[in-house]
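A short worksheet on the structure shown next.
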Amino acid sequence: MHSSLAVTLDGLPLGLAAVKFWSRDKFRGTAQLKRKINPTRVPIETKESIRWLQNLRQSVDLLGQPDRCIHVGDRESDIYELYCLTKELGTHFVVRTVVDRLAGNGDHTISAEMRDVETVGRHLIEVRADTDQVTKVYLDIRFKRIRVLPPIGKKKRYPALDLTVIHAVEPNPPAGRKRIEWKLLTDLEVNSCEEAVEKIRWYAMRWKIEVFHKILKSGCRAEDARLRTADRVANLVAVFCIMSWRVLWLTMLARTAPETPPTAALTEQEIEILDQIVSNAGNRQATPGSLIFYLTKLARLGGYLARISDPPPEIRSSGAASAG
């Protein structure tokens, strides 16, 4: 399953914009083919990565305002055909790159051209280690508008594109930890450090899809399903997707707007049930009657202690988050 999650700038998940189910039987032998043929010469229509383009189209059709959408993807979505499709559909993207593509007139690569670009500022992020310890890290910011060329085997099919390359790199990583290095590509213009940081923050929102998948796998235990047919599995996972989004949405709504009335997420009957089975004692962190107040009650059903020293109830997941 390949899913696309719609998220606001505040990190509030609005729901799934696209979901693609497929069977690997259709793409059997692709890995072996890579040993004989350069993957960049293989038509995208015959590759499993076509799902990125299909989800892009489905998201644009559903949302209806392509010029307002920014499609964010990790290094797996560093696909030249995707960049061409966004231009065709009139939408936008911010993608973390893995391919060092040819640039300019074709005699050098993007990384070679970025080597001479000066640092324009620094951006502070917070990094959470596996031990839950949070440290602050400064990243050096560089950006440049570059003419990016299609893969050599596809240059007759796809045009060159003017794209913005953004590098956010940790200058002095500590011993024992890999350097934080984000190399982003976007079709949008960037004219200042502030605009570059804005795009970095947008990319940081990609982590929400990881949290969504964590709820789907750990909370709903989707991978434990033992149904006999693919169609039944797809139907079950579709229901799990709605449940997982609701859990993530409720958590983020309480975080972005904690004083929201509980009726925004819960029915009157659900509120009454929570009042009956979970006492107000010990729930001193939140304003009585607010959404976060009832979210805390829900969390207490799962073992959350709601002590004054405890962080707000949340879905725990390690990683890096933008701090401004």
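The values are calculated or read from the model by the stated rules, or taken from the named source; none is laboratory data. For clarity, every value in this text was computed on a predicted model and none was experimentally measured. Cβ sites come from the backbone with ideal geometry, for glycine too, and all protein chains shown count toward neighbours. In case anyone asks, the SASA skips ligands and DNA or RNA and just uses the protein heavy atoms, side chains included. Shrake-Rupley method; radii C 1.70, N 1.55, O 1.52, S 1.80 Å.
Skipping prolines and chain starts, which residues have an amide H placed within reach, meaning under 5 Å, of the one on GLY11, given they are 5 or more residues away or on another chain?
Counting only residues 5 or more places away or on other chains, the set is empty.
Stokes-Einstein diffusion coefficient for segment 173-232 at 4 °C in a medium of 1.567 mPa s, Rh from the Kirkwood formula over Cα pairs: what value in µm²/s?
84
I need two numbers for the chain: Rg to one decimal and Dmax as a whole number, Cα atoms only, in Å.
Reported Rg and Dmax, both Å: 22.4, 71.
Mind checking the per residue accessible area of the chain for me, 1.4 Å probe, whole number of Å²?
On the way: 18600 Å² over 324 residues.
Per residue, the chain has an accessible area of 57 Å².
Convex hull volume of the Cα atoms in segment 146-260, per residue, in Å³?
Cα convex hull per residue, to the nearest whole number: 252 Å³.
Need one word for segment 213-287: rounded, prolate or oblate. Basis is the Cα gyration tensor (sqrt eigenvalues a ≥ b ≥ c); a/c below 1.5 gives rounded, then a/b vs b/c decides.
prolate
Output the pairs from LYS156/LYS199; LYS144/LYS183; LYS47/LYS214; LYS47/LYS155 with a Cα-Cα distance over 21 Å in this structure; if there are none, say none.
Values: LYS156/LYS199 31 Å; LYS144/LYS183 12 Å; LYS47/LYS214 26 Å; LYS47/LYS155 18 Å.
Listed pairs above 21 Å: LYS156/LYS199; LYS47/LYS214.
For segment 72-172, treating each Cα as an identical point scatterer without solvent, what Debye log10 I(q)/I(0) comes out at q = 0.19, 0.21 1/Å?
-1.02, -1.15
Pairs of alpha-carbon atoms within less than 8 angstrom and 6+ residues apart define the contacts here; what relative contact order does segment 201-313 have, in percent?
21 percent.
Where the eigenvalues come from the Cα gyration tensor of segment 203-243, what are the semi-axes √(5λ) of the equivalent ellipsoid, largest first, in whole Å?
On the way: eigenvalues 105, 20, 12 Å².
Result for segment 203-243: semi-axes of 23, 10, 8 Å.
Given segment 104-145, what whole percent of its Cα pairs are spread farther than 17 Å?
For segment 104-145, the fraction of Cα-Cα distances above 17 Å is 52 percent.
Tabulate in residue order the Karplus-calculated ³J(HN,Hα) for segment 80-85, using 6.51 cos²θ - 1.76 cosθ + 1.60 with θ = phi - 60°, rounded to whole Hz; enter x for Gly and Pro.
4, 4, 5, 5, 5, 5
Taking GluC sites (Glu not before Pro) that fall in a DSSP loop and have at most 11 other Cβ atoms within 10 Å as cut points, what is the longest piece of the chain between them?
190-324
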